[in-house]
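Colleague: Mind looking over this structure? Questions follow.
The values are calculated or read from the model by the stated rules, or taken from the named source; none is laboratory data. These numbers were taken from a predicted model, which means no experiment stands behind them. In this analysis, Cβ positions are derived from the backbone assuming ideal geometry, glycine residues included, and neighbour counts consider all displayed protein chains. These accessible areas exclude ligands, DNA and RNA; they are computed on the full protein's heavy atoms, side chains included. Shrake-Rupley method; radii C 1.70, N 1.55, O 1.52, S 1.80 Å.
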Amino acid sequence: MTKQNLIGGRWCAGAAIVADVNPSDVTDIVDEYALADADQAREAVAAARAAQPGWAAASPQQRFTVLDTAGTEILRRAEDLGDLLAREEGKTRAEAIAEVNRAGQVFKFHAGQAVRATGEHLESIRTGVEVTVSREPVGVVCVVTPWNFPMAIPAWKIAPALAYGNTVVFKPAELVPASAWALVDILRRAGLPDGALNLLIGKGSVIGDTITGSPDVDAVSFTGSTDTGRKVLATATRHGARVQLEMGGKNPLVLVDDADLETAVRCAVEGAYGSTGQRCTASSRLIVTEGIHDRFVAALLDRLRAIRVGDARDPRTEMGPVVDERQLDQDERYLDVARREGAEVVGGKRLDLPGRGFYLSPALVLGSSTTDTINREEVFGPVASIIRVTDYDEALAVANDVDFGLTAGIVTTSLAKATDFRRRSTAGMVMVNVPTAGVDFHVPFGGRKASSYGPREQGTHAREFFTTTKTAYVAAGPVV
Ligand code: NAD
């Protein structure tokens, strides 16, 4: 039966239906999902608005219990939820299970945050007056998420939103409704009151503006492409909503002469081709100094040729398919542009495997320069390019020479270079001898420049976005 949207605590049929297609095997339909229309989007916002005072008044213990119960179920079901995620998104089963586990950890962390609400208590500069600084919920939060982390990204937005007493209208990417539906079902059964979390599976072009443009939405937390993020910003700020955007990346991994070759290759493979390269934190630019260039490229190509591409659910698979035909076309278009601009492309071939999935072999672009399109725009596929530079100083300059600034990595055995890179990188997150992708859940996540806007996500820093500060001056008696 078609799975429905959750509005005000009721599962609702939609205006249309979307089939969730397995990118590993297009004959496999994961399930069918109701697509919401603009009227339902308005209903969901109204339901979240109506439920907000009640949820804000729920005790910290109640909020802890709901989030902790959800986290426990997610962790207990990591294997079957991982299967579902791998089946609808195409990352390998191991990657999918790791993502589900991450979502469970995020709920556990923010369950704790619900009972750890802290504030400040200060003496006023006036005698007889005391000052308290406390945190209150923002109100109704709209959560808009992309397809590439269908469990973890919704988790790291919804968990803190609910922990701090906000209610949520959740609009997942329509390519991955199964993970979103499963997550909402778990939270509803964990004891959330009606209306505290509403699910709207639907196209951004149909319901996006209705939600983000609603004066009843107090905050929008968005992750997706930079183009969409900028539209969301314009729509939401028109009525004064606060906005948090996590967007694209063109992340550099710098490999210098003194790097340990094995670490360099491992960081490049994991960072550039993990999750089929479909990560905002992917190392899409490999910036390599002259002394290590030939050895590194030879070792990397050896490793790439051995990567087993296949069905995401097959345990032998090391890289799953691209998410859909449109993304596969985009990957190939960028490889064509790279060739036309004078670079050489190794790999990057469509693979004809059983199931007619969207398979592309890992692609490495050789001999590219920092001004090439392939090094300026986000591809979002299993594609990385090599930029050869003379020394560390040039590598750093090239690393910083893009509009994006999400993550940046360096592989080096030199403490001086590692320290200098950490200080002078213009990215929001810096990695030394670890891949640019793969982050912790208890520390801030986010970038600079065109990659991010607004306060950081995750860890205790999530509080900045999901709460608003109240400063109170209290005089117990007449002030002299
Ligand atoms: P996208 O921008 O196409 O869509 C993101 C979400 O926005 C989807 O749910 C979509 O339906 C919705 N949307 C579209 N138009 C809208 C509108 N007018 N109003 C409201 N919502 C609207 O992105 P995608 O293709 O799903 O995801 C890939 C992108 O996400 C890449 O650019 C990637 O770098 C980025 N991303 C960033 C991070 C990060 O943390 N920085 C993490 C993961 C993915």
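Colleague: What's the total number of residues in the stretch 342-383 that are under 21 Å from Val323 (Cα atoms) and among the charged types (D, E, K, R)?
Modeller: The total comes to 6.
Colleague: Taking Thr471 as the residue in question, decide whether it is open to solvent by 10 Å² or more (accessible area, probe 1.4 Å), β-branched (Val, Ile, Thr), in contact with a strand residue (DSSP E or B) (Cβ under 6 Å, 6 or more places away or on another chain) and touching a residue at least 60 places away in the same chain (Cβ under 8 Å).
Modeller: Considered against the rule, which asks whether it is open to solvent by 10 Å² or more (accessible area, probe 1.4 Å), β-branched (Val, Ile, Thr), in contact with a strand residue (DSSP E or B) (Cβ under 6 Å, 6 or more places away or on another chain) and touching a residue at least 60 places away in the same chain (Cβ under 8 Å), Thr471 comes out as yes.
Colleague: If the requirement is being of a type in the set (Ser, Thr, Tyr), away from the ligand (no atom under 16 Å from the Cβ) and closer than 28 Å to Glu246 by Cβ, which of these qualifies: Ser361, Ser368?
Modeller: Among Ser361, Ser368, only Ser368 is of a type in the set (Ser, Thr, Tyr), away from the ligand (no atom under 16 Å from the Cβ) and closer than 28 Å to Glu246 by Cβ.
Colleague: Within the stretch 218-250, take every residue that is β-branched (Val, Ile, Thr) and under 17 Å from the mean Cα position of the chain (by Cα) and give me the one that is farthest from the ligand (Cβ to nearest atom).
Modeller: Val243
Colleague: Oh, and also: Would you pick out the residues in the stretch 318-333 that are out of contact with any Pro (no Cβ under 8 Å at 6 or more places or on another chain) and crowded, with 22+ Cβ neighbours inside 10 Å?
Modeller: Selection gives Gln327 alone.
Colleague: Using the structure shown, decide if Val256 is open to solvent by less than 10 Å² (accessible area, probe 1.4 Å), assigned by TED's automatic domain parsing to the domain that holds Val309 and not polar (S, T, N, Q).
Modeller: It is true that Val256 is open to solvent by less than 10 Å² (accessible area, probe 1.4 Å), assigned by TED's automatic domain parsing to the domain that holds Val309 and not polar (S, T, N, Q).
Colleague: Hey, among the residues in the stretch 396-415 that are among the hydrophobic types (A, V, I, L, M, F, W, C), touching a strand residue (DSSP E or B) at 6+ places or on another chain (Cβ under 8 Å) and surrounded by fewer than 24 Cβ atoms within 10 Å (Cβ to Cβ), which one's nearest to Gly320 (Cα to Cα)?
Modeller: Ranking the qualifying residues of the stretch 396-415, first place goes to Val398.
Colleague: Moving on. In the stretch 46-66, what residues are touching a Leu at 6+ places or on another chain (Cβ under 9 Å) and under 10 Å from Gly139 (Cβ atoms)?
Modeller: Result: Ala48, single match.
Colleague: Also: What number of residues in the stretch 132-165 are open to solvent by 30 Å² or more (accessible area, probe 1.4 Å), closer than 19 Å to Thr228 by Cβ and among the charged types (D, E, K, R)?
Modeller: Of the residues in that region, 0 qualify.
Colleague: Just to check your reading of the model, which residue among Val169, Val176 is within 16 Å of the ligand (Cβ to nearest atom) and within 14 Å of Ala36 (Cβ to Cβ)?
Modeller: Result: Val169 is the single residue among Val169, Val176 that is within 16 Å of the ligand (Cβ to nearest atom) and within 14 Å of Ala36 (Cβ to Cβ).
Colleague: In this structure, does Gly274 turn out to be under 30 Å from Leu360 (Cβ atoms), within 16 Å of the ligand (Cβ to nearest atom) and assigned to a loop (DSSP other than H, G, I, E, B)?
Modeller: Judged against the criteria, Gly274 is not a match.
Colleague: Step by step: first the residues of the stretch 438-449, then only those that are near the ligand (Cβ under 10 Å from one of its atoms) and part of a loop (DSSP other than H, G, I, E, B), then the one that is most open to solvent (accessible area, probe 1.4 Å). Which residue is that?
Modeller: Val439
Colleague: Test Thr390 against the criterion of being loosely packed, with under 15 Cβ neighbours inside 10 Å, under 28 Å from the mean Cα position of the chain (by Cα), modelled with pLDDT of 95 or more and under 26 Å from Ile292 (Cα atoms), and give yes or no. Show your work before the answer.
Modeller: Numbers: loosely packed, with under 15 Cβ neighbours inside 10 Å: yes; under 28 Å from the mean Cα position of the chain (by Cα): no; modelled with pLDDT of 95 or more: yes; under 26 Å from Ile292 (Cα atoms): yes.
When the stated conditions are applied, Thr390 does not pass them.
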